[in-house]
Each structure stands twice: as structure tokens, then as C-alpha cells.
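Novice: Dumping the structure here so I can ask a few things about it.
The values are calculated or read from the model by the stated rules, or taken from the named source; none is laboratory data. What you are looking at is a predicted structure, and each value in this text was computed from that prediction instead of being measured. With ideal geometry, Cβ positions are generated from the backbone for all residues, glycine too; neighbour counts draw on all protein chains shown.
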Amino acid sequence: MSTTNWICLSAPFVSSNAAARRATTGALGTDEFTRIRMGIYPEHPVRDGARYVLAEFKKAQYEAVDLLLDTAADAVTAIVTDGAQAAMNRFNRKDKPEKNGAEADK
């Protein structure tokens, strides 16, 4: 099974789900934070999106999940070191984010 990873950064927090936005901003006491969304698309159509999103990952997806988590960790590092806007410019792209600085030497 082949999958496609994606990651999206947004600052300030943006959500079409008003309840999720209220819960998150209420818990944090602010709406001034950067949101990192990530996911794995299957190659086949999904009938029940909620069930797919809430299901455990299949073993065939583990490698994709590992890569996605590595990318998310790089995004967090970029947010902290370069700021949210620079991180969004780097990670909110259809092609693979470019490496910079010390990462380029890896």
C-alpha cells in the first residue's frame, strides 16, 4: 500500500471547527499559537472519513508515519528557530521542504 504524507502549518490557529477552536484556545488561554496539521492519504477512496482518521495506523503505513513525524519535528524546530512565517513558507508546499543550514549537511 502506498500513501502520501502531508503537513500544514498555520499561525494564528485556523480551524473550520468552532468547537475545536474554542476547546483549544480555552485550554491554552490564548489563540496565539501555531497549529501543525499532518496526515496520511491512502491511495484508495475512503467512505467514512471519521472512521479512517480515528483508526489505528496499519503496519503498511508505519514507515510513512515515521517520515511524517520526522517532518513534523523539523517543522517544530523551524518554528522555534526561524519563526512561524518562515516555517510556513518552508513546509506549506507541495514539493519536499528544502534543507537548510546544518540539515543540508546530513
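Novice: Consider only pairs whose beta carbons are under 7 Å apart and that are at least six residues apart or on different chains; among these, list those whose first residue lies in the stretch 14-38 and is closer than 22 Å to ASP74 by Cβ and whose second residue is at pLDDT below 80 and surrounded by fewer than 12 Cβ atoms within 10 Å (Cβ to Cβ).
Specialist: If the second residue must be at pLDDT below 80 and surrounded by fewer than 12 Cβ atoms within 10 Å (Cβ to Cβ), the pairs left are ARG35/VAL14.
Novice: Here is a further query. Examine the stretch 43-57 for a residue that is touching a residue at least 24 places away in the same chain (Cβ under 8 Å), closer than 23 Å to ARG21 by Cα and either surrounded by 12 or more Cβ atoms within 10 Å (Cβ to Cβ) or of a type in the set (A, V, I, L, M, F, W, C) (or both), and state whether such a residue exists.
Specialist: No, the stretch 43-57 has no match at all.
Novice: Just give me the residues in the stretch 37-52 being outside any loop (DSSP other than H, G, I, E, B), at pLDDT 80 or above and of a type outside the set (D, E, K, R), in sequence order.
Specialist: Correct list: MET38, GLY49, ALA50, TYR52.
Novice: Kindly indicate which of THR24, THR34, THR3 is of a type in the set (Val, Ile, Thr), more than 21 Å from ASN89 (Cα to Cα) and modelled with pLDDT of 80 or more.
Specialist: Among THR24, THR34, THR3, only THR24 is of a type in the set (Val, Ile, Thr), more than 21 Å from ASN89 (Cα to Cα) and modelled with pLDDT of 80 or more.
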